[in-house]
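Down below is the structure, laid out as structure tokens.
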Amino acid sequence: MTERYLRIALPSPLRRLFDYRAPAQIPESAWQPGVRVRVPFGRREMIGILVETATTTNVPTDKLKDALELLDSQPLLPDDIMRLCLWAAQYYQHSLGDTFSWALPTLLRQGEPAEARQKKIWQAKRPLNLEDSLLIRAPRQLAAIKVLAQHSQGIAHERLEQFGISKDSVTALLKKGLVTQHLLQLQDTPHKTPSLAQPELPLNDEQQAAFNAIHANQKTFKTYLLAGITGSGKTEVYLQLIRETLAAGQQVLVLIPEINLGPQTLERFTKRFNARIALLHSHVNDRERLEAWLAARSGHADIIIGTRSALFTPLQQLGLIIIDEEHDSSYKQQEGLRYHARDLALVRARAANVPVVLGSATPSLESLHNAHSGRFALLRLNKRAGGAIQPKFIRLDVRSLPLDSGISAPLQKEIRKTLEAGQQVLVFLNRRGFAPVLMCNDCGWMSQCSQCDARLTLHQRYNELRCHHCGHVEIRPHHCPSCNKIDLRPVGAGTERAEERLQILFPNTPVLRIDRDSTARKGSMDALLGTINSGDPCIMIGTQMLAKGHHFPRVTLVAILNADGGLFSADFRAGEKMAQLIVQVAGRAGRAGDPGRVIIQSELADHPLLVQLSEQGYFAFAEQALNERCSTGLPPFSHLALLRADALKPELADMFLEDAYSIAEQLLQQLKIEGVELLGPVSSPMERRAGRYRAQLLLQANNRAQLHRLLTPLCSNLEVLPSARQSRWSIDVDPIDL
Ligand code: ADP
Ligand code: ZN
Ligand code: ZN
């Protein structure tokens, strides 16, 4: 008999498979690709995924180990997800085993059985004989069987106590043969065809045209960019497409950004349909996540709504993928497997031959470019559904105006007017804490993180200085650590400071701060939203948490306190990100009958970007930005990969990247790869972070395939490089933060 070898993908950073001997007692047919296998690895045990079996191996016999345990009787991952993971591992230059880890729910990674929880059900045996001699002198058992007899479906084990039945009683009754016990799969709940739970809105012309375009091809792969201004009714279009997919007996995968997890977004989907909805996002616990995943895989969920990683959920009958707010940066994972869920969704939809709908009021330049080149079908919604009109933009030049905790006098006046008219105000400031720095007025000392090249933010409420980059916290000093004088002053304003000031300026109006600090406690966001939804005048002050997914119909004034950040940054995407943020925040205003106004407070009020955005809107801005990217040869007109390294000493990271540079140069020559440029190595924008020195080498190519011809051999070479042992390194394909 020939020996069988198992090629297993293990959750290790190494970009290769590991061979093990198949234990003889397990039949050959059990080794199907996609099953989990427990194996020895060094001194530990690991759980990996079987990729293939083979009859030969390169591992010497004395090094070869036996696999320990087969965990699944059928493949955990269906073929399409195996392929998707393989594609992702190759494209993002990541180890396949680790790619599987990102794709699987935690409990499965830890070896939990891939089975839905079962319910133990107790039932009274019929015909019932309450005079049975076995019940004489057992009054509690008699009482228990009477209660059970009243429930023809039986009673679940964990609910026995609610009915006053003790577990001892049912166990005794079981021994006497008077009751039965059976297991009910949670998924055995009878399947009803999904139906509407709520009437639909009749689509307006634009919505109808978009719906028709997609529905006409609902059985084939195509990417649609649904570019509709905020409030134009994109969600209604999604919902009606979902109705069609469900009616065809298929499942729908909906991806939403992390920040959109508000109950409002989820409710719109859950309220519309009588359907089985599985939620896969960061607020569900590991057990719920596993149950949702299994329900999706077995076809027992109709709609799957989740954040980024839900993209990897196996679905038996995938019929449609929707990516809401496709421009959102939370779709790009920034650690480990650095994938972009939107881009992978296209790969998945193509393989499954189903449509994918990308929706946004502020599409990414990448997607707009794809629409221009004909790869995506562009569908525009230019009117607000429900009749509300677009907010008006006002640029407020504050170069010569004093700012009071970030708020200028003309803005104060506008806020007052709005409140007096009985309306609500939203103030946007993308900076948490009280002040971004504490400064000594005598010697100029500034609060600086000891671990990062960054300032420490003053959090007045906790009397602390905090680093927003590494989490370092220290008590606020009384004296200047440098000159020992006491004149320490907060410089600049964050949400805490603006909140404090607004509260003093408008003592009779509720001021609600909404940022990561104020909403950290469970339920606090709901409480804040409750006050806002009451409709009474109030001021909301917050970070980008406020910018997305919410509807505040009584808000008629949106104020953007500091729009300048994006105009200075070295990151070529900063302008795009800022424009998206401004338009998204602005979109919260005047959603109901009252027209909204957006005041952009800026020291660069004449900056062409702000002028164009406020006068001509996002799409005109985006055209201009695309032209600029084209003439400078930046993405989407070129393709990037970023090699990052960090180490305890700056020279170690540099040494590694210099080596990487030479290897890359050699490979370019050897393989005759044209049109790939190596830029760097240079220090990262924030060189020191959490005590480590960071540097990067940028690879830029005008052709994606050429870039990948370089990346694959480059990464294999880097893995075994001696200088790689003293640095941590990673490769980021299509990076969004440079
Ligand atoms: P978007 O997703 O583009 O931001 P929404 O779907 O949230 O827009 O729609 C904005 C508002 O308009 C919602 O209150 C929604 O109920 C309403 N709406 C959407 N479509 C219609 C329609 N066809 N007729 C009337 N109101 C609509
Ligand atoms: Zn000082
Ligand atoms: Zn720090």
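Bear in mind that the values in this text are calculations on the coordinates, not laboratory data. All values reported here derive from a predicted model rather than from experimental measurement. All Cβ positions, even for glycine, are placed from backbone atoms using ideal geometry, and neighbour counts span all protein chains on display.
Key figures for this structure:
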| read-out | value |
| --- | --- |
| Neighbour net charge for C470 - beta-carbon separation under 13 angstrom, K R +1, D E -1 | +3 |
| Segment 637-708: trypsin sites (Lys or Arg not before Pro) in DSSP loop, at most 13 other beta carbons within 10 Å | K672 |
| The chain, Cα convex hull volume normalised per residue, Å³ | 231 Å³ |
| Once the Cα gyration tensor of segment 458-497 is diagonalised, semi-axes √(5λ) in Å | 19, 13, 9 |
| R704/T56 FRET efficiency (R0 35 Å; Cβ-Cβ; nearest 0.05) | 0.50 |
| Only Lys, Arg (+1) and Asp, Glu (-1) charged, at Cβ; segment 12-73 dipole about Cα centre in debye | 340 debye |
| Average silhouette area of segment 408-515, convex hull of alpha-carbon atoms, in square nanometres | 7.8 nm² |
| Label-reachable residues, segment 366-403, where backbone N falls under 13 Å from a point 7 Å from D205's Cα toward its Cβ | 382-383 |
| Nearest-0.05 FRET efficiency for T193 and R375, computed from C-beta distance (R0 30 Å) | 0.30 |
| Net charge of neighbours whose Cβ lies under 14 Å from the Cβ of R348, counting Lys and Arg as +1 and Asp and Glu as -1 | +2 |
| Qualifying aspartates and glutamates (Cα of each under 20 Å from Cα of K63; at least 8 residues distant if same chain) | E3, D19, E45, E52 |
| Within straight-line cross-link reach of K120, lysines at Cα separation under 22 Å, skipping those fewer than 8 residues along the same chain | K146, K167, K175, K176 |
| Model label zone, K271; criterion: amide N under 17 Å from point 7 Å along Cα-to-beta-carbon; scope segment 198-218 | 198-202 |
| F637/L174 FRET efficiency (R0 41 Å; Cβ-Cβ; nearest 0.05) | 0.05 |
| Cα Rg, Dmax, segment 279-349, angstrom units | 12.1, 32 |
| For the chain, with +1 on Lys and Arg beta carbons and -1 on Asp and Glu, the positive-most of V59, A625, T265 along the dipole | T265 |
